[in-house]
C-alpha cells in the first residue's frame, strides 16, 4: 500500500465532511461561524480522524460509519489549539503559518469559537452517526468526552502550563504527553474500532496501539520543534524551547528522544499482531509519524 | 404543593450528585479540580436541573433516571458563566457575591475549567444515565450539545457582545435571549421529558413550555439587574445597564417588561394544559421565575 495516497484520500473525505458539518459562514452572527471554519478548515494533516477511519477499516468496518466521529475528534483538536494559543495560555501568534484565531478575531470570539467547536463535536457524533447501534455511539461519545476533558487533554495542558520554566521529572513529562496528546489520539483509534464493530480484544489492542502512537507522535513533535524549519511546522522555531516547556529533547537529548519515538512506534505496531492486512494503514501510519518532517 | 419545599429537595439531590460527579480536589493537578468545583458548587439556584427533574416527573418518569442529564445541564450552565465572566468577554469580577473564577485562579485556569465542565457534561450524561434506552440518551445528548453551542448559547452570547453600546432592535434582543438563556432552559425541560418516557406530543408541549419559561426568566433577570440589590443577585447593580447591554427594560421600560414576563409565564403554563397534576411543579416554577427576587 502507498500511505501517502491513503492519507490524501482520507484527508479529502474528512475535509469535505468537516466543511459540510460546520455551519455556513453566511448565517447570523457570521463572525463566530467564520472563526469556527478558520480554526478547522486550515489544511491540517487530519492525523486523528485518519486514525479513526483506519481503525474502523482495520476491524473490517465501513469507514463511512466512523466519519462523523472522525470529524468530532478533529473538531475537538481544533478547539484545543484555539484555546491553547490564547494569550492567557501559550500566547502563540502563528499556527501552521497563519495568524492564530485570537489574532484574527480577537480573544472573545476565539474563546467562544473554541467552545462552539467542542459542543459541535458532540452534536456531530450523536446526530450524524448512522448504521451503528445506539449503545455503541453512546460509548464512543463517552470516550471522546473523557479524552477531551480533565480525564485527558485539559489535565495535560494544565500540567504543561504549571511546569513551564521548572525542572520536571520524567513522570511529569509522561503525564503531560499521555494526557495532552495521547488521550485524544487513543480515543480516535478506539472510536474507529468500536464503530467498525471490533471485538473487545481488538478494541484493547487498538487502545494500546493508540497510546503508543500518541507517545511516538508527541516525541516526534518535540524533536521537530527544535530541528524543524518554520516553513514546515508553521510554528515559531524552538518556541517550546524558548518557553522552557518540558519536552523529550530537553530531558533526554535529541538522539535518545529519536530512539524513544521509534521504540514507541514499534510497540504500536506490535500491538496489532493479531490483525490482518486491513490494519496495514495503521502500521504504516506508526512509521510515518516518527519519520515525518512536519 | 409547596414549591419552596419541592425546590429545596431537588436542589439538595442535585448538589449531592454534582459533588459526586465532579472529580475530587485532591487529585493531580489539583488546581483545575478546585476551579471546576468552585465554579459549580457555589450555592446556585439549580433552576435548570430542577426543570429537568420536574419535566421527567411531569410525564410520569422516575426523576432518578434524569439526574445525570440534569447535572449535565448545570455543568454547562456553570461553564458558560465562567467563560462569560472572563476579561475578554463580560469582564465581571463578582458572581453570586463571590470573586469570579479568573479572579481566583487566573485566566488560563478559568478558561480550562470552563472547557473541562463542558466536556464533563457530555461524559456525565452518556456514562451515568441508567435505565433508559440508548437511543433516548443519545437524542438527549444531541439536544444538550446543540443548545450549548452555536445553535444556542454561544450564538446568543456573540450577539449580546457585538450589540453592546449599540441601539438594538426587538428582533435582536429576542435572538439574544432565545439563544443565550432560552435554548439551554428548553433543552433542560426536553431532556427530562424524554428521559421520563414522554410521548412526542408531550415533548412538543414541554419544548414550548421551556421556550416560554426561558423568556420569562430572562426578562425577570433583566428587571432584577436594575431593581435588585447587590446582596440578592450577587452581581454589581445595574452591571448590564452600565455596559449598555441590550435588555428588556432598556427597550420596553420596566412596567411593560414586567407584563411581558408574566405573559410568557402564562403561556408556559398554558402549554401544559394536557398534563395532570404531576406537572404542578412545572406550573408553579413558571410563576416563581417571574416573582422571584434574586
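Residue-by-condition table, conditions (1) exposed (fewer than 15 other Cβ atoms within 10 Å of the Cβ); (2) touching a strand residue (DSSP E or B) at 6+ places or on another chain (Cβ under 7 Å); (3) modelled with pLDDT of 90 or more:
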residue: A:192; (1), (2), (3): no, no, yes
residue: A:197; (1), (2), (3): no, no, yes
residue: A:206; (1), (2), (3): no, no, yes
residue: A:209; (1), (2), (3): no, no, yes
residue: A:213; (1), (2), (3): no, no, yes
residue: A:226; (1), (2), (3): no, no, no
residue: A:232; (1), (2), (3): yes, no, no
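So which residues in segment B:1-14 are touching a residue at least 24 places away in the same chain (Cβ under 8 Å) and either part of a helix (DSSP H, G or I) or touching a strand residue (DSSP E or B) at 6+ places or on another chain (Cβ under 6 Å) (or both), if there are any at all?
Step one: list which residues in segment B:1-14 are touching a residue at least 24 places away in the same chain (Cβ under 8 Å), which gives B:1, B:3, B:6-7, B:10-11, B:13-14.
If the condition is that a residue be touching a residue at least 24 places away in the same chain (Cβ under 8 Å) and either part of a helix (DSSP H, G or I) or touching a strand residue (DSSP E or B) at 6+ places or on another chain (Cβ under 6 Å) (or both), then B:3, B:6, B:7, B:10, B:11, B:13, B:14 are the ones that fit.
Of all residues in segment A:47-72, which are closer than 19 Å to residue A:216 by Cα and surrounded by 24 or more Cβ atoms within 10 Å (Cβ to Cβ)? Don't jump to the end; show me each part of the working.
Quick first cut of segment A:47-72, residues closer than 19 Å to residue A:216 by Cα only: A:47-52, A:54-55.
Correct list: A:48, A:49, A:50, A:51, A:52, A:54, A:55.
Take residue A:17 and tell me if it is more than 22 Å from residue B:179 (Cβ to Cβ) and either touching a strand residue (DSSP E or B) at 6+ places or on another chain (Cβ under 6 Å) or surrounded by 22 or more Cβ atoms within 10 Å (Cβ to Cβ) (or both). I'd like the intermediate steps shown before the answer.
Working: more than 22 Å from residue B:179 (Cβ to Cβ): yes; either touching a strand residue (DSSP E or B) at 6+ places or on another chain (Cβ under 6 Å) or surrounded by 22 or more Cβ atoms within 10 Å (Cβ to Cβ) (or both): no.
So residue A:17 fails the test.
Hey, among the residues in segment B:68-90 that are without any contact (Cβ under 8 Å) to a residue 60 or more places away in the chain and more than 10 Å from every other protein chain (Cβ to nearest Cβ), which one's farthest from the chain's Cα centre (by Cα)?
B:85
For residues in segment B:22-37 being surrounded by 21 or more Cβ atoms within 10 Å (Cβ to Cβ) and touching a residue at least 40 places away in the same chain (Cβ under 8 Å), which is farthest from residue B:102 (Cα to Cα)? Walk me through how you get there before you give the answer.
Narrowing segment B:22-37 to residues surrounded by 21 or more Cβ atoms within 10 Å (Cβ to Cβ): B:22, B:29, B:32-33, B:35-36.
Then keep just the ones that are touching a residue at least 40 places away in the same chain (Cβ under 8 Å); that gives B:22, B:32, B:35-36.
Values: B:22: 19, B:32: 12, B:35: 9, B:36: 12 Å.
Going through the qualifying residues, I end up with B:22.
Here's a check for you: in segment B:94-106, which residue that is in contact (Cβ under 8 Å) with a residue 12 or more places away in the chain and surrounded by fewer than 19 Cβ atoms within 10 Å (Cβ to Cβ) is nearest to residue B:145 (Cα to Cα)? Spell out the reasoning first.
Of all residues in segment B:94-106, those in contact (Cβ under 8 Å) with a residue 12 or more places away in the chain come to B:94-98, B:100-102, B:104-105.
Cutting the leftovers down to surrounded by fewer than 19 Cβ atoms within 10 Å (Cβ to Cβ) gives us B:94, B:96-98, B:104.
Numbers: B:94: 27, B:96: 26, B:97: 29, B:98: 28, B:104: 28 Å.
Once the filter is applied, the top-ranked residue is B:96.
The values are calculated or read from the model by the stated rules, or taken from the named source; none is laboratory data. Treat the numbers as computed from the prediction; the structure is a model and nothing was measured. Methodologically, a virtual Cβ is constructed for each residue, glycine included, from the backbone with ideal geometry; neighbour enumeration extends over all protein chains shown.
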